[in-house]
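Just so it is clear, none of the values below were taken in a lab; they were calculated from the coordinates. A quick note: this is a predicted structure, and the numbers were derived from the prediction, not measured. Here the Cβ positions follow ideal geometry from the backbone for every residue, glycine too, while neighbour counts run over all protein chains shown.
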Amino acid sequence: MFKFSKEEKEVIKKNFLDKISRDVTIYSFWTKEREGLNEMARVILSELEKLSNKIKVKEREFDPNGELEKKFNINFAPCLVAVCEEKYFRFYGFPGGYEFPVFLDVLAMISSEEMEVGEEVKKIIENIEKPVKVKIFVTVTCPYSPIMTHWAYTFAILNNKIDVDVYDVGEFQGIAEEYNVRTVPKTILDDKLDFEGAIPPKVFAYCIKSISKEK
């Protein structure tokens, strides 16, 4: 059974979990078809729960008509949803590999709303008035995917008009094919604008702003 080493636990607590200032609930929505991934998520989330009294983990089998699924706009499973009061973020699949540090970082950001973002970028995002849907396709083995994941979640925390879905292509190949994903990360804004690779946060922010202004 997977367990973090003593050294890994110390790093996770110091760099991420000790920065969580308010209670965060992690909902794990699972399906019987992905039992291997379900078990991995169960073990790792249990470890995180033991490392921080600010984290609570709740598991449930995915129900497309379920109340929580509708509340958090969950359309597929497996899916993790981290919730702190009125703010939440989704990850379809499990954020392992290169995505794991981003997942931990966002747990801290969503609870404290403290994040490192330049004033110009922050102003662009905070002034967006119309909703924008951001889809990001990643793989947990890609070192560039976390860059886009990090900024997308950061922008969503800054402005609730920005709604983010991150998909692990390895778990959602059908959806990736539907959106013609050939390389990762691939980012799609409102199903109108898409681009591949990692881009600077300022450029990303302006792309979201331009889509919002079209409405």
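Key figures for this structure:
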{"read-out": "Nearest-20 debye value, the range 1-126 charge dipole, Cβ charges on Lys, Arg, Asp, Glu", "value": "320"}
{"read-out": "Using a Förster distance of 25 Å, the FRET efficiency for GLU33-GLU178 (Cβ separation, nearest 0.05)", "value": "0.85"}
{"read-out": "Cα-based radius of gyration of the range 73-128 once divided by 2.2 N^0.38 Å, which approximates compact folds", "value": "1.30"}
{"read-out": "Kyte-Doolittle mean at least 0.0 and Cα axial length at least 15 Å: DSSP H helices in the chain", "value": "35-51, 99-112, 145-158, 201-213"}
{"read-out": "The chain - share of DSSP beta bridges that are antiparallel (%, nearest 5)", "value": "55"}
{"read-out": "Average silhouette area of the range 37-185, convex hull of alpha-carbon atoms, in square nanometres", "value": "9.4"}
{"read-out": "Options LEU104, SER52, PHE76, ranked by Cα towards positive dipole end of the range 13-156, top entry (Cβ charges)", "value": "PHE76"}
{"read-out": "For VAL184, net neighbour charge (Lys/Arg +1, Asp/Glu -1) across residues whose Cβ lies under 10 Å away", "value": "0"}
{"read-out": "Furthest towards positive pole of dipole, VAL11, PHE29, ILE125, structure part the range 1-150, Cβ charges", "value": "PHE29"}
{"read-out": "Proximal lysines to LYS9, defined as alpha-carbon separation beneath 28 angstrom and excluding residues fewer than eight positions away on the same chain", "value": "LYS19, LYS50, LYS54, LYS56, LYS58, LYS87"}
{"read-out": "Sorted by Cβ density within 10 Å, fewest first, the residues VAL140, VAL24", "value": "VAL140, VAL24"}
{"read-out": "Global form of the range 119-213, assessed from the alpha-carbon gyration tensor, a/c cut-off 1.5", "value": "prolate"}
{"read-out": "Net charge of Cβ neighbours under 13 Å - reference THR25; Lys, Arg +1; Asp, Glu -1", "value": "+2"}
{"read-out": "Residues LEU80, LEU104 arranged by fewest to most Cβ contacts within 10 Å", "value": "LEU104, LEU80"}
{"read-out": "Local electrostatic count at CYS207 - Lys and Arg +1, Asp and Glu -1, tallied over other residues with Cβ under 12 Å", "value": "+1"}
